1. Taking the Cα centre of the stretch 72-200 as the origin, how large is its charge dipole in debye, to the nearest 20, when only Lys and Arg (+1) and Asp and Glu (-1) carry charge on their Cβ atoms?
2. Tell me, what HN-Hα J-couplings in whole Hz come from the Karplus equation 6.51 cos²θ - 1.76 cosθ + 1.60 at θ = phi - 60° for each residue of the stretch 216-223, using x for Gly and Pro?
3. If packing is taken as the average count of other Cβ atoms within 10 Å, what order do 215-227, 133-145 fall into, highest mean first?
4. Report, to two decimal places, the Cα Rg of the stretch 72-200 normalised by 2.2 N^0.38 Å (N = number of residues).
Amino acid sequence: MYRFLLTPRWWGINVFVLLAIPFCVFMGSWQLSRFEDRVQDHRSAGELAAAAKTEAARPLAELLPVDKATSGRQVTATGRYGEQLLVPDRELDGRSGFYVLTLLRTEGGEALPVVRGWLPGDADVAKAPAAPSGEVTVAGALQASEMPGENGVPGQGGLPAGQTGAISAASLVNLVPYDVYDAWVTLNVGDSGMTAVPAAAAPNTGLDLKAFQNLGYTGEWFVFAGFVVFMWFRLLRREVEFVRDAELGLIPDPDPDPTPTPTPGEERASV
């Protein structure tokens, strides 16, 4: 009854199933591992952020470039404040406002973007306190450059002069006549009565949409594997039923001839 499994058609079906199931399981396991990695990164980032609040600040140069291990760590930098910019459309505690960003010119010539604080309302130069004059030493949490359109960072362009949408070297280098560090610092204590901006988690370490996409893809691949098995059994069952009906004579001749063949006597009579 099962000799049909040795036909070329079923050889092709069986080979496809034997290849598809391991592939689906492998892809599902890989997506699950990606989700678990993001969960672990999220957990590690939270632990690093908690530890960073109590650790001693280190010089900026020791923690560059910014990565998952150094993002949120306490740093110090010394220099003189230069150009000041406003970063509009930033929320804090459910309220809309803007950051006051001032570039700290260091001894090496490069400028470190420093978020001195947050103010509510629309971005207005008149509201932003002037930066302290003379040489200053700042202390705060080190942050990676932002990417427009990600993690709540506005992606719009065409802002008025004196404003920037994202805190990144790629954006700021077009607004100031000197090099800018590919990092920024948010002060631990807001300057001039402004509200301090809390440090954000390192990029790609949170349980964001990408993490849950990995989890969704995991389920899809395992569903595909189950669907392949289901369809194989369904085809097998239909084939077995067809063979059984054929053996019992329950299947009519697939191409019957409706015209009866005349006998020799009938042929002569018709003539």
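1. So the magnitude is around 220 debye.
2. Going residue by residue, I get x, 5, 4, x, 5, 5, 5, 5 Hz, with x marking Gly and Pro.
3. Top of the packing list down: 133-145, 215-227.
4. 0.95
Bear in mind these aren't lab numbers, they're just calculated from the coordinates by the rules spelled out. Since this is a predicted model, take the numbers as computed values, not measurements. Cβ: placed from backbone, ideal geometry, glycine included. Neighbour counts: every protein chain shown.
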